[in-house]
Structure formats: structure tokens, C-alpha cells
Amino acid sequence: MTAPGAAAGGGRGPRGAAAIHAAVLDLLETEGYAGLTIEGVARRSRVNKTTLYRWWPSKPSLVAATFRHAIARDLPVPDTGSLRADLVALVRSKAAFLGDGPGRLAADVLAHTGADDELARLADELLGQHCAHVAEVTARARTRGELTGPVDDLLLADLLLGPVWLRAVVTRRPLSTSDADALVDTLLAGLPLAPSTGPT
């Protein structure tokens with residue numbers, strides 16, 4: 001049998017997996033992470049509780065698998081032909097993702113990462129995906145000649161997306177489009193840019 005935590009995340013799982021994941025998202029919306037229980041998911045999904053425990057031995061593993069299933073598709077990485085426009089679009093899309101739907105629920109759940117290793121791994125996966133998107137944007141900028149020196153992609157991703165996660169998980173303050181513009185322009189001021197590439 002496939003490892004429990006990865007089963008439904010990889011597209012496999014018990015019969016009724018779609019109903020199980022839908023039930024988890026519904027209960028997170030109405031009850032929050034603290035109020036969600038395996039028993040409640042079993043009732044909502046009409047799947048036997050023993051089946052849930054066979055595939056996911058704990059609430060965190062079930063919730064993590066649900067998010068891996070719900071947000072399995074990568075968010076599109078913007079390709080506007082401009083480093084600044086790509087970064088602004090990326091920040092806006094991440095803020096929108098974490099502000100609505102499964103992304104918002106994931107942000108709520110990830111506030112509990114300190115209490116569980118499975119949720120911490122989920123957070124690492126999501127952050128790793130976001131960092132890969134930043135690296136793709138900077139790679140294109142190097143090819144276009146917009147970046148004239150070395151850039152630490154991981155550090156740039158931290159600086160760029162850290163405020164997005166802070167707003168989504170900690171302060172719960174929306175990141176406006178003007179905030180996204182100002183954030184990118186502030187960071188661009190510290191990058192080795194070609195003369196015509198700076199903030200506009």
C-alpha cells in the first residue's frame with residue numbers, strides 16, 4: 001500500500017477520496033482546524049472512520065493530504081517579458097491564492113505548523129513551490145539581460161513572498177495591488193539590474 005500521507009495527494013486513495021477531501025475543506029471552512037475531527041469528516045463524507053484511519057492515521061496527515069490534492073496544480077508563473085511586471089504579477093497571484101478558496105484555508109491551517117511535523121512538511125512544500133516560481137522568473141530575466149549580476153533566488157523569494165505569507169497567516173491584512181507594486185520596487189532597488197530595467 002502507498003504511504004498514507006502521500007496516498008491521496010498523489011491522486012490515489014480510498015474509494016470516496018473526493019468526498020473525503022471535500023468534507024475536510026467544508027469543515028475547515030465552518031469549524032476551523034481546531035474544530036475539525038476525523039469523526040466529523042467520516043460523517044460528512046459518508047466514508048467509514050476506519051477507512052480514514054487506514055489511509056491517514058491522524059488529523060494533520062488527512063488535512064495535509066487534502067491540501068496536496070486541492071492545490072496540486074501549480075499556479076501559472078507570469079511571463080510578461082519584464083522582470084518587474086513578472087514579479088508584481090507573481091506577488092499579486094500569491095496574495096490572491098492565499099486570500100481565497102483552498103489557499104486561504106491552507107494559510108489558516110499552516111498557523112498550526114509548530115505543533116505537527118506533517119503540517120510543517122506541507123508548509124515546506126508550498127514555500128518550495130513558491131521559491132521555484134521566483135527562480136523561473138529570474139532565470140528568464142537573466143536570459144533577457146535584465147539582470148547583470150548574481151542573484152540569490154532563495155533569498156529573493158524569502159524577501160518577496162515573506163510579506164505575502166505574513167499577511168495571510170499572521171496579521172490577516174490583505175495585500176493590495178499598490179502594496180505589491182511597492183514591495184517589488186523596493187526589492188528591485190537592491191538587484192543588479194541593467195540600466196533600463198529599474199522601477200517605473
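Laboratory data are not the source of any read-out in this text; all were calculated from the coordinates shown. Quick caveat: nothing in here was measured; it's all calculated off a predicted structure. Cβ: placed from backbone, ideal geometry, glycine included. Neighbour counts: every protein chain shown.
Tabulated data
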quantity	calculated
Gyration tensor over alpha-carbon atoms, segment 4-70, equivalent ellipsoid semi-axes in Å	16, 12, 11
Computed over the chain: relative contact order in percent, which uses C-alpha pairs under 8 Å that are six or more apart	21
Degrees, to the nearest 10: 153-165 long Cα axis against longest axis of the chain	60
Acute angle (nearest 10 degrees) that the helix 83-99 long axis makes with the longest principal axis of the chain, alpha-carbon atoms	20
For residue 148, distant residues with modelled amide H under 5 Å away	193, 194
MRE, 222 nm, helices only [DSSP H, n ≥ 4, -39500 (n - 2.57), over the chain, to nearest 500]	-20500 deg cm²/dmol
Over segment 4-70, relative contact order from alpha-carbon pairs under 8 Å, at least 6 apart, %	53
Relative contact order computed over segment 100-174 (Cα-Cα under 8 Å; 6+ residues apart), in percent	34
Gain in span if fully extended, residue 171 to residue 39, counting 0.36 nm per residue against the direct Cα distance	44.4 nm
Part-to-part distance (alpha-carbon centres) for segment 26-103 and segment 134-178, which is given in Å	22
DSSP-assigned coil residues among GluC sites (Glu not before Pro) in segment 81-166, each with at most 12 further Cβ atoms within 10 Å	none
